[in-house]
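**Student:** The structure is given below, and queries will be raised subsequently.
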Amino acid sequence: ENLEQCSNPYPAWLSEFESSAISPELALANVRWIEGEAAVHEFLAGTIASRQKVGSYVTAANIRLMQRYSHLEAGGWLAYGVDLQDEPAQIPYLKPKVPRQDDARGGRKIKYETPPGMEARPILPDISPRIEGGWRAVLAGTLPIVITEGVKKALGLIELGIPAVALRGITQWHAKGDKSPWPELAALAAGGRQIFIAFDQDTARSSRRDVAREASKLAGGIAAAG
């Protein structure tokens, strides 16, 4: 059905997912392409609403914020995920076609974006195209779950029938200032379910140490949750 709604049944951006062995059906159930001013407005909607103190005009701070994210007008693919009741989640995750540079980190390109000031909560993709009953069925059953980095890797596992949760980064398995896992991770871990942590295997030794450290901390958190 989603394919039939596309003017081009196989948009060019879908090739990125197909090259990762993710079917168009599963990709389109979870991801869509946005561009132009609408992309900036949708991505920043939650942040702007939280900062906007007046209703009659857009504040200068929010105008500067939209200018900072004007690179999104070139387009990018956007994912939200769902919650444990299979209802749409609210915090976007976007891969821009033209990444912005992080001057605070030596001009490093920011490959994936979460709106500033918004919680970097885990992304639970819509698994229903491959796992009947979605996350409700997973909660009611005993299927093992994988916690990984990024939406594409999670979708690659879901394509194989394995429930997977995407973190936005290896350190983003908990809220700021809280060392317990996000509530949705704790809920999935409860009851003795088997959880696999599958982070990236980086080549740099320092990065591998960071990955191992965060995986160990996350493992302790989900073990404490059950």
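**Student:** Restricting to region 14-37, what's the tally of residues that are open to solvent by 70 Å² or more (accessible area, probe 1.4 Å) and among the aliphatic types (A, V, I, L, M)?
**Tutor:** The qualifying residues number 1.
**Student:** Here's another thing I want to ask about it. Is it the case that region 151-166 has a residue that's open to solvent by less than 10 Å² (accessible area, probe 1.4 Å) and either hydroxyl-bearing (Ser, Thr, Tyr) or more than 24 Å from Arg32 (Cα to Cα) (or both)?
**Tutor:** Going residue by residue through region 151-166, those that are open to solvent by less than 10 Å² (accessible area, probe 1.4 Å) are 151, 154-155, 158, 163-166.
Filter once more, keeping what is either hydroxyl-bearing (Ser, Thr, Tyr) or more than 24 Å from Arg32 (Cα to Cα) (or both): none.
Scanning region 151-166, I find no residue that is open to solvent by less than 10 Å² (accessible area, probe 1.4 Å) and either hydroxyl-bearing (Ser, Thr, Tyr) or more than 24 Å from Arg32 (Cα to Cα) (or both), so the answer is no.
**Student:** Then there's this: Checking Ile195 against (1) closer than 16 Å to Trp135 by Cβ; (2) β-branched (Val, Ile, Thr); (3) within 18 Å of the chain's Cα centre (by Cα): exactly one of these is not met. Which one?
**Tutor:** Going through the list (1) closer than 16 Å to Trp135 by Cβ; (2) β-branched (Val, Ile, Thr); (3) within 18 Å of the chain's Cα centre (by Cα), Ile195 breaks only (3).
**Student:** Out of all the residues in region 48-75, which are among the hydroxyl-bearing types (Ser, Thr, Tyr), over 29 Å from Leu124 (Cβ atoms) and either in contact with an Asp or Glu (Cβ under 8 Å, 6 or more places away or on another chain) or in a helix (DSSP H, G or I) (or both)? Before you say what the answer is, go through the steps one by one.
**Tutor:** Initially, region 48-75 is screened for residues among the hydroxyl-bearing types (Ser, Thr, Tyr), giving 50, 56-57, 59, 69-70.
Then drop every residue that is not over 29 Å from Leu124 (Cβ atoms), which leaves 56-57, 59, 70.
The answer is Ser70, and nothing else.
**Student:** May I ask you to list the residues in region 121-146 that are open to solvent by less than 20 Å² (accessible area, probe 1.4 Å), part of a loop (DSSP other than H, G, I, E, B) and under 22 Å from Thr47 (Cα atoms)?
**Tutor:** To start, the set of residues in region 121-146 that are open to solvent by less than 20 Å² (accessible area, probe 1.4 Å) comprises 122-125, 127, 131, 134-135, 138, 145-146.
Still in the list and also part of a loop (DSSP other than H, G, I, E, B): 122, 125, 127, 131.
Hit for region 121-146 is Pro122, nothing else.
**Student:** Out of Ala21, Ala45, Ala29, which single residue is within 23 Å of Pro122 (Cβ to Cβ) and either in a loop (DSSP other than H, G, I, E, B) or in contact with a Ser or Thr (Cβ under 7 Å, 6 or more places away or on another chain) (or both)?
**Tutor:** On the way: Ala45 fails: either in a loop (DSSP other than H, G, I, E, B) or in contact with a Ser or Thr (Cβ under 7 Å, 6 or more places away or on another chain) (or both); Ala29 fails: either in a loop (DSSP other than H, G, I, E, B) or in contact with a Ser or Thr (Cβ under 7 Å, 6 or more places away or on another chain) (or both).
Within the list Ala21, Ala45, Ala29, the selection yields Ala21.
**Student:** A follow-up question, please. Quick check on region 116-137. Is at least one of its residues closer than 21 Å to Trp13 by Cα and of a type in the set (Phe, Trp, Tyr)?
**Tutor:** no
**Student:** Give me the residue from region 170-223 that is free of Cβ contacts under 8 Å to residues at least 24 places away in the same chain and in contact with a Lys or Arg (Cβ under 8 Å, 6 or more places away or on another chain) and, out of that set, surrounded by the fewest Cβ atoms within 10 Å (Cβ to Cβ).
**Tutor:** Of everything passing the filter in region 170-223, Gln201 is surrounded by the fewest Cβ atoms within 10 Å (Cβ to Cβ).
**Student:** While we're on this one: Just one of (1) among the charged types (D, E, K, R); (2) surrounded by 19 or more Cβ atoms within 10 Å (Cβ to Cβ); (3) without any contact (Cβ under 8 Å) to a residue 24 or more places away in the chain trips up Glu113, so point out which.
**Tutor:** (3)
**Student:** Any idea which of (1) under 20 Å from Ala45 (Cα atoms); (2) open to solvent by 40 Å² or more (accessible area, probe 1.4 Å); (3) not acidic (Asp, Glu) is the one Ala89 doesn't satisfy?
**Tutor:** Among (1) under 20 Å from Ala45 (Cα atoms); (2) open to solvent by 40 Å² or more (accessible area, probe 1.4 Å); (3) not acidic (Asp, Glu), the lone unmet condition for Ala89 is (2).
**Student:** In addition: Looking only at region 147-178, count every residue that is in a loop (DSSP other than H, G, I, E, B), touching a helix residue (DSSP H, G or I) at 6+ places or on another chain (Cβ under 7 Å), farther than 22 Å from Glu18 by Cβ and of a type outside the set (Phe, Trp, Tyr) and tell me the total. Steps first, please.
**Tutor:** To start, the set of residues in region 147-178 that are in a loop (DSSP other than H, G, I, E, B) comprises 150, 160-163, 168-173, 175-178.
From what is left, the residues that are touching a helix residue (DSSP H, G or I) at 6+ places or on another chain (Cβ under 7 Å) are 163, 170-171, 173.
Those left that are additionally farther than 22 Å from Glu18 by Cβ: 170-171, 173.
Add one more test, that the residue is of a type outside the set (Phe, Trp, Tyr), and what stays is 170-171.
Number of matching residues: 2.
**Student:** Of all the residues that make up region 76-117, how many are part of a strand (DSSP E or B), touching a helix residue (DSSP H, G or I) at 6+ places or on another chain (Cβ under 9 Å) and at pLDDT below 95?
**Tutor:** From region 76-117, those part of a strand (DSSP E or B) are 76-79, 82, 88, 93-96, 101-102, 108-109, 113; that's our starting set.
From the residues that got through so far, the ones that are touching a helix residue (DSSP H, G or I) at 6+ places or on another chain (Cβ under 9 Å) too are 76-79, 82, 93-96, 113.
So of that shortlist, the ones also at pLDDT below 95 come out as none.
Number satisfying all stated conditions: 0.
The values are calculated or read from the model by the stated rules, or taken from the named source; none is laboratory data. The structure presented is a predicted model; accordingly, all values stated were derived computationally and were not measured. In this analysis, Cβ positions are derived from the backbone assuming ideal geometry, glycine residues included, and neighbour counts consider all displayed protein chains. Accessible surface areas use protein heavy atoms only, side chains included; no ligands, DNA or RNA. Shrake-Rupley method; radii C 1.70, N 1.55, O 1.52, S 1.80 Å.
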